Structures are given as C-alpha cells and as structure tokens.
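Colleague: The structure is given below, and queries will be raised subsequently.
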Amino acid sequence: MVKIAPSILSADFCNLEREIQRVQTADLLHVDVMDGAFVPNITLGLPVVRSIRKHTDMQLDLHLMIDKPVRYVAQFCEAGADLVSVHLESDHPQNIQKALDIMGEYGVKKAVALRPITSPEAILPYIDQLDMVLVMTVEPGFGGQPFMESQLKTITRVREIIQAHNPSCDLEVDGGINPSTARRVVEAGANVLVAGSAVYKAADIPGRIRELRGQN
Ligand code: DX5
Ligand code: ZN
C-alpha cells in the first residue's frame, strides 16, 4: 500500500493547526527543516516541531536538510519525531552513523536521504539498520519544483538494494510528486510519496490524497 506524506512546506505557516487538520487522511506529516547552509533556504526548527507534536497524532516524518545533523538529532527526537531523515551529504560517514544510533536510542525510525547527485550505492553501509530511504526527485531547498525524470533510475536501483538487503525498509520520494509522477515513481519502486504543492493546492485534499495513493 502506498503511503502519502503531505509536506507542510506548502502550507500556510500562520495557520498550521488548521493546515495539518486538512491533510489528516494522509499517512504521515512531512516536515522540512532547512538551515540556510546545507540548502539555500531557511524554514522551521525545534520550537515549531514541538508545537506541531502537541496538536496532532499524525506520524511526524522529519526531513533534516541541515549541516552536521548529528548535533541536533537528539533534540528533534525529543521534540516528537516518529521518523528522522538525515542527508548522506551532510556529514562524514561516522557522524551519519552516530546520528542513526541516536535515533535508535530514542526509538525513532531511521532514514537516510539522497540528493539527486548521490549514488544509490551510498546507502549500502547503512541499509541493514534503516526503516526508510528518502530519494530526492528535486534539488532539496524549495517546494514546487519540477520532478527530475533522471531520478527514476535511482529509485529503481535503491529498490533493488532494499529488496536484496532489507526488504521491509520503505522507499520515500520527495519533490515534484503529482498524480502523474506518483504513478511512475510507484512503478519504479517507491512506496512513500511526499507531496507539498500537489496536496495543498488541490481543491479537494482528501480526494487528491486518494488519487496520489492510486485509489481513484
Ligand atoms: C524540498 C522539500 C520537499 C518539498 C516538496 O526540498 O524537501 O519536501 O516540500 O514540495 P513539492 O511536492 O511541491 O515538490
Ligand atoms: Zn522534504
């Protein structure tokens, strides 16, 4: 079954409680944390995650687009994350492993994220312990960008690696997902779809979530 993770980056930040309510038929809530260093944009941080946690029972899927996330992973786990993704490009391998170990100590699900330039094989040192791999289908930093077709082969390869080493691991894709690209990434092997603009710009949000799942 395909899971949908609406990204609140496309929501109205002045009305977050209402905006989260609007997507509650989805499976996860995707929260994009950006630091203005790993990516050229700044979004939200710990206080906002803590407030979101107080107002929803949805699973919080935190996508950390920050340099050296090991510095902050414990605090994001304490803030209420259910799952945390750290980018493989954001630090040395020892620190990526340390960040995953900290998630494990908190009982939070572990994920690594890949920029479009990063080879699928980069997940190999971590794959056995992961709950999810996040494949970016745009350059991280902004919502509303067009889907990168070239990432379909990365999704296919990551799915092969998952099937060979850890078949219960989820494969999430993020960037430019709409009903038509959703079909193609699912065919390539994705089973968790992040969607920001495609969800929040829809006139009928629950209908769009069903459509992205392939239920319509
Ligand atoms: C981009 C973020 C995405 C973004 C997706 O760096 O990681 O989660 O919100 O937005 P759409 O679905 O509009 O491409
Ligand atoms: Zn994201």
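The values are calculated or read from the model by the stated rules, or taken from the named source; none is laboratory data. Since we're looking at a predicted model, the values are computed, not measured. We place every Cβ from the backbone using ideal geometry, glycine too, and count neighbours over all the protein chains shown. Accessible surface areas use protein heavy atoms only, side chains included; no ligands, DNA or RNA. Shrake-Rupley method; radii C 1.70, N 1.55, O 1.52, S 1.80 Å.
Colleague: Roughly how many whole Å is it from the C-alpha centroid of segment 152-216 to that of segment 23-96?
Modeller: One Cα centre to the other: 20 Å.
Colleague: Next up: Please name whichever of Pro116, Ser150, Ile161 sits farthest to the positive end of the charge dipole of segment 112-161, dipole taken about the Cα centre and charges placed at Cβ: Lys and Arg +1, Asp and Glu -1.
Modeller: Of the options given, the answer is Ser150.
Colleague: Just to confirm a number: summing +1 for Lys and Arg and -1 for Asp and Glu over residues other than Asp61 whose beta-carbon lies under 13 angstrom from that of Asp61, what do you get? Spell out each step's value before the answer.
Modeller: Details: positive: Lys3, Arg53, Lys109, Lys110; negative: Asp27, Asp32, Asp82, Asp131, Asp170, Glu172, Asp174.
Around Asp61, the surrounding residues sum to -3.
Colleague: Sticking with this structure for a sec: For the chain, treating each Cα as an identical point scatterer without solvent, what Debye log10 I(q)/I(0) comes out at q = 0.07, 0.15 1/Å?
Modeller: Calculated log10 I(q)/I(0) at the listed q: -0.18, -0.90.
Colleague: In the Gaussian network model of the chain, springs joining C-alpha atoms below 10 Å, which of Ala203, Ala26, Ala37 carries the largest mean-square fluctuation?
Modeller: Largest GNM mean-square fluctuation: Ala203.
Colleague: A further question follows. Tell me, what is the per residue accessible area of segment 1-47 in Å², probe radius 1.4 Å?
Modeller: Per-residue value: 45 Å².
Colleague: So how strong a dipole does the chain carry about its Cα centre when Lys and Arg Cβ are +1 and Asp and Glu Cβ are -1, to the nearest 20 debye?
Modeller: 340
Colleague: For segment 106-216, what size does the Cα cloud have along each of its three principal axes, sorted from largest down, in whole Å?
Modeller: Cα extents, longest axis first: 43, 28, 28 Å.
Colleague: Leaving out ligands, DNA and RNA, and with a 1.4 Å probe, what % of the accessible surface on the chain is carbon or sulfur?
Modeller: Roughly 50 percent of what the probe reaches on the chain is carbon or sulfur.
Colleague: Once both labels are modelled 7 Å past Cα along the beta-carbon direction, what's the Glu89-Gln163 spacing in nm?
Modeller: 2.8
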